[in-house]
1. Do the conditions hold for I76, that is, is it farther than 16 Å from I273 by Cα and within 16 Å of the ligand (Cβ to nearest atom)?
2. Check A79 against each of (1) in contact with a helix residue (DSSP H, G or I) (Cβ under 8 Å, 6 or more places away or on another chain); (2) crowded, with 16+ Cβ neighbours inside 10 Å; (3) without any contact (Cβ under 8 Å) to a residue 24 or more places away in the chain and name the one condition it does not meet.
3. I'd like the residue in the stretch 31-43 that is within 16 Å of the ligand (Cβ to nearest atom) and in a strand (DSSP E or B) and, out of all such residues, is surrounded by the fewest Cβ atoms within 10 Å (Cβ to Cβ).
4. Which one of these is basic (K, R), under 14 Å from the mean Cα position of the chain (by Cα) and within 21 Å of T268 (Cα to Cα): R80, R39, R73?
5. Checking A61 against (1) assigned to a helix (DSSP H, G or I); (2) under 18 Å from Y148 (Cα atoms); (3) of a type in the set (G, A, S): exactly one of these is not met. Which one?
6. F89 fails exactly one of the following numbered conditions: (1) over 19 Å from the mean Cα position of the chain (by Cα); (2) within 30 Å of L266 (Cβ to Cβ); (3) free of Cβ contacts under 8 Å to residues at least 60 places away in the same chain. What is the number of that condition?
7. Please tell me if A7 is away from the ligand (no atom under 16 Å from the Cβ), at pLDDT below 95 and either in the same structural domain as Q256 (by TED's automatic domain parsing) or over 22 Å from Q256 (Cα atoms) (or both).
8. Determine if the stretch 23-30 includes at least one residue that is surrounded by 14 or more Cβ atoms within 10 Å (Cβ to Cβ) and either within 16 Å of the ligand (Cβ to nearest atom) or not in a helix (DSSP H, G or I) (or both).
Amino acid sequence: MHSAETALLVEQPENPVDRILQSIEAVLQTRKLFIGLDRDGTLVPYADRPEEARVDADLYALLSNLSKLPAVRVGIISARSIAQLRGDFDSKKLFLAGNYGLEICSPKGEFLIQPMALDAVPSLKEMRDRLAPLTSPRINAVLEDHGYSLCLHWHTVVVEERDLVHQKVTELKEHFPLIETLAMATSYEFKPRMLWSKGSALRQIYMQEQADLANAFPIYAGDSEADEPAFDWVNDHGGISIKVGAGVFKTCSKYQLADTSELRKLLTRILSIRQHKDDKA
Ligand SMILES: [Mg+2]
């Protein structure tokens, strides 16, 4: 093997967590950080039913401690509602962006809802009521109402009844032009039809907090196609994007981690590097 190739192999750590840390070594010593994180499938493994996918005490403390550092800001950008996220995370320290960021709450308690999300509420409520029969014990779909979006999970539906679920969704799509339907791996997401994504949520947080975040280095981790616009935004702003888990889709993320526990290791290492740096300062 050519010696230059050998040198290249030696310089690249095997472990993906080490690889990411190596790529931001200088950043971790000098820059303010904004760490944006998706919740389900990224910080917390998926469970059969959404209410079983819980944030444990260690994760709560890890994110809280990261956000207590003087030059680190942390935001959760999730499909879940802020009402739910408040029960999971330290809302006095973290930015919470619910419904893909259609609603955003800052650690200071400033609350922003996109006006078009408010306009879509009557349609979403009607849609929810028409989807509700699919949650009967015979069909067993799981329907989540996040206020400004809905999620219908069908992995819990017996195979013979699944066509019925897909048919119902197709029928409703035509009736509700204000609502966009996204087909995910085992669920449907329904949200207001508007140019909005998790990338818009990051842009909004940076805009809202201009003075504080102007030079903050962005890091974003997510696990699904809904996170791609956030990866894209972070890449455009010179930061790093991290896809978590084995989801199969075309991704623009710069780094990949196998699962939620690898992401937790990365965040723990960032915490300890920054604590050590602050202690020395
Ligand atoms: Mg997710």
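1. Values: farther than 16 Å from I273 by Cα: yes; within 16 Å of the ligand (Cβ to nearest atom): yes.
Yes, satisfied.
2. Only one criterion is unmet by A79, namely (3).
3. Applying the first criterion (within 16 Å of the ligand (Cβ to nearest atom)) to the stretch 31-43 yields 35-43.
Now restrict to residues that are in a strand (DSSP E or B): 35-37, 40.
Details: I35: 23, G36: 27, L37: 25, D40: 19.
Among those that are within 16 Å of the ligand (Cβ to nearest atom) and in a strand (DSSP E or B), it is D40.
4. Step by step, each of R80, R39, R73 is checked, and only R39 is basic (K, R), under 14 Å from the mean Cα position of the chain (by Cα) and within 21 Å of T268 (Cα to Cα).
5. Every listed condition holds for A61 apart from (2).
6. With (1) over 19 Å from the mean Cα position of the chain (by Cα); (2) within 30 Å of L266 (Cβ to Cβ); (3) free of Cβ contacts under 8 Å to residues at least 60 places away in the same chain applied to F89, the lone miss is (1).
7. Working: away from the ligand (no atom under 16 Å from the Cβ): yes; at pLDDT below 95: yes; either in the same structural domain as Q256 (by TED's automatic domain parsing) or over 22 Å from Q256 (Cα atoms) (or both): yes.
Spelling it out, A7 is indeed away from the ligand (no atom under 16 Å from the Cβ), at pLDDT below 95 and either in the same structural domain as Q256 (by TED's automatic domain parsing) or over 22 Å from Q256 (Cα atoms) (or both).
8. So far as the stretch 23-30 goes, yes, one or more of its residues are surrounded by 14 or more Cβ atoms within 10 Å (Cβ to Cβ) and either within 16 Å of the ligand (Cβ to nearest atom) or not in a helix (DSSP H, G or I) (or both).
The values are calculated or read from the model by the stated rules, or taken from the named source; none is laboratory data. As the structure is a prediction and not an experimental result, all values here were calculated from the model. All Cβ positions, even for glycine, are placed from backbone atoms using ideal geometry, and neighbour counts span all protein chains on display.
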